[in-house]
Amino acid sequence: MLVLSRKKDESIMIGDQIEIKILAVEGEQIKLGIVAPKTVKVHRSEVFQAIQAQNKEALSSTTNFLAQLKKK
């Protein structure tokens, strides 16, 4: 893990297309701005994990459904 210190109005670059900007620092909360191509999906980690869980569940349901069809 790379750890960087940044102040308000500073940013970091990820590759040459993604920029993370520090918009505000208020107590323990930091507001970030993310500039990225529309083809790059950006989610909070808890949302990303929920999407992954739903995808895994859907895949499992499809597999179970197909197995039930084969039995008939």
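Overview of values
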| item | result |
| --- | --- |
| Test result for Glu57, at pLDDT 95 or above and either acidic (Asp, Glu) or open to solvent by less than 100 Å² (accessible area, probe 1.4 Å) (or both) | no |
| Those residues of segment 1-54 which are open to solvent by 90 Å² or more (accessible area, probe 1.4 Å) and either in contact with a Cys (Cβ under 7 Å, 6 or more places away or on another chain) or among the charged types (D, E, K, R) (or both), in sequence order | Arg6, Lys7, Lys8, Asp9, Asp16, Glu26, Glu28, Lys31, Lys38, Lys41, Arg44, Glu46 |
| Residue identified as at pLDDT 95 or above and not hydroxyl-bearing (Ser, Thr, Tyr) among Lys31, Lys71 | Lys31 |
| Any hit, segment 9-20, residues being under 14 Å from the mean Cα position of the chain (by Cα) and modelled with pLDDT of 95 or more | yes |
| Close pairs from segment 14-39: first free of Cβ contacts under 8 Å to residues at least 12 places away in the same chain and closer than 20 Å to Val3 by Cβ, partner assigned to a strand (DSSP E or B) and small (Gly, Ala, Ser), Cβ under 7 Å, at least 6 apart | Lys31/Ala24 |
| Segment 29-49, residues that are among the polar types (S, T, N, Q) and part of a loop (DSSP other than H, G, I, E, B) | Thr39 |
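The values are calculated or read from the model by the stated rules, or taken from the named source; none is laboratory data. Model, not experiment: these values are computed from the prediction. Quick reminder, even Gly has a Cβ in these numbers, built from the backbone with ideal geometry, and neighbours come from all protein chains shown. Quick note on the areas: whole protein, heavy atoms, side chains included, nothing else; ligands and nucleic acids left out. Shrake-Rupley method; radii C 1.70, N 1.55, O 1.52, S 1.80 Å.
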